[in-house]
1. For the stretch 30-246, compute the orientation-averaged projected area of the C-alpha convex hull (one quarter of its surface), in nm².
2. Tell me, what is a quarter of the convex hull surface for the C-alpha atoms of the stretch 134-233, in nm² with one decimal?
3. State to the nearest 20 debye the size of the charge dipole of the stretch 166-205 about its Cα centre, where the only charges are +1 on K and R beta carbons and -1 on D and E beta carbons.
4. Between Arg87 and Glu43, take the C-beta separation as r, use R0 = 30 Å, and let me know the FRET efficiency to the nearest 0.05.
5. I'd like to check one number: the per residue accessible area of the stretch 30-246, probe 1.4 Å, reported in Å² as a whole number.
6. Can you run the Rg to Rh ratio on the stretch 46-154? Use alpha carbon positions and the Kirkwood inverse-distance Rh.
7. Given a 1.4 Å probe and every protein chain left where it sits, what share in percent of the accessible area of the stretch 34-151 is carbon and sulfur?
8. So if I take the centroid of the Cα atoms in the stretch 74-134 and the same for the stretch 153-200, what is the distance between those two points in Å?
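The values are calculated or read from the model by the stated rules, or taken from the named source; none is laboratory data. Because the structure is predicted, anything quoted here is derived from the model rather than measured. All Cβ positions, even for glycine, are placed from backbone atoms using ideal geometry, and neighbour counts span all protein chains on display. To get the accessible areas, we keep the full protein, side chains included, count just its heavy atoms, and leave off ligands, DNA and RNA. Shrake-Rupley method; radii C 1.70, N 1.55, O 1.52, S 1.80 Å.
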Amino acid sequence: MSVELETSEGVDESEKKSFGASEKENHTRMADLSELLKEGTKEAHDRAENTQFVKDFLKGNIRKELFKLATTALYFTYSALEEEMERNKDHPAFAPLYFPTELHRKEALTKDMEYFFGENWEEQVQCSQAAQKYVERIHYVGQNEPELLVAHAYTRYMGDLSGGQVLKKVAQRALKLPSTGEGTQFYKFENVDNAQQFKQLYRARMNALDLNLKTKEKIVEEANKAFEYNMQIFDELDQAGFLLAKETLEDGLPMHDGKGDVRKCPYYAAKQDGGALEGSSCPFRTALAVLSKPSLQFILAAGAALVAGFLAWYYV
């Protein structure tokens, strides 16, 4: 009786099996972490892509001192990320994604810092307040919820291998940096022969992690949190940039060319109790007043530092 009913409805056993297999395959694909991340962060992608700062950066409208501070923020961010990755390299929820030789960026960023600031660069810089919030979040995740470290590692490194390469070319052209790579070592992956193939491998490893759906959803949530932290930075960055541009136009001050002693530049991120630097010959005296608060000084750096991570989602 049941067979007759199935036949009368136009569904035989072979079709049922085929349909069941297809449905199972579709469910499995949609449960892949990479697919969940892609679908679950679409809204954040759109908002990040349409910030004025991102648009300006891609057009090459970036100052050298800003790029130097961006490198500084990247250094502190990756120092924290790779410290926590090292801590969790044997954790089952992260171990398959541990690629220190291929991916780690701290050594490359150290070279960039030396290029921009000189041998005593560590005495000249500090982590921005905005970047510090992200650093603290990375440390918290690495020490308390290491499975969520996947969200930060995926966002950062996949961005470096894709959208970050766009930023490299923009920076080299806009800032007239050497084509041999000085100042942009961060974007050079000497041990990755084919970026596209490596990204496919990384996604496959990530999808193979033994995680339940609830944990995967938490990872997507964590990725969205990273977007939100940085969207706030972009908003503040636009405001700080507007104030700086306004003060510059009103006073008719020339643009700093990014050469010479960085401590004489208004974007200098060293620890200062007061606003302006004594004896400074930098023409941005009015801008110094605008940027006298650390929150405004460092927002410029942290914003640019994390653009590459966001661009990952546009080009992956």
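1. On the way: hull surface 48.6 nm².
The orientation-averaged projected area of the Cα hull of the stretch 30-246 comes to 12.2 nm².
2. About 7.9 nm², averaged over all directions.
3. 220 debye
4. For Arg87 and Glu43, the calculated efficiency is 0.40.
5. 46 Å²
6. With Rh from the inverse mean 1/r over Cα pairs, Rg/Rh is 1.01.
7. Roughly 42 percent of what the probe reaches on the stretch 34-151 is carbon or sulfur.
8. 15 Å
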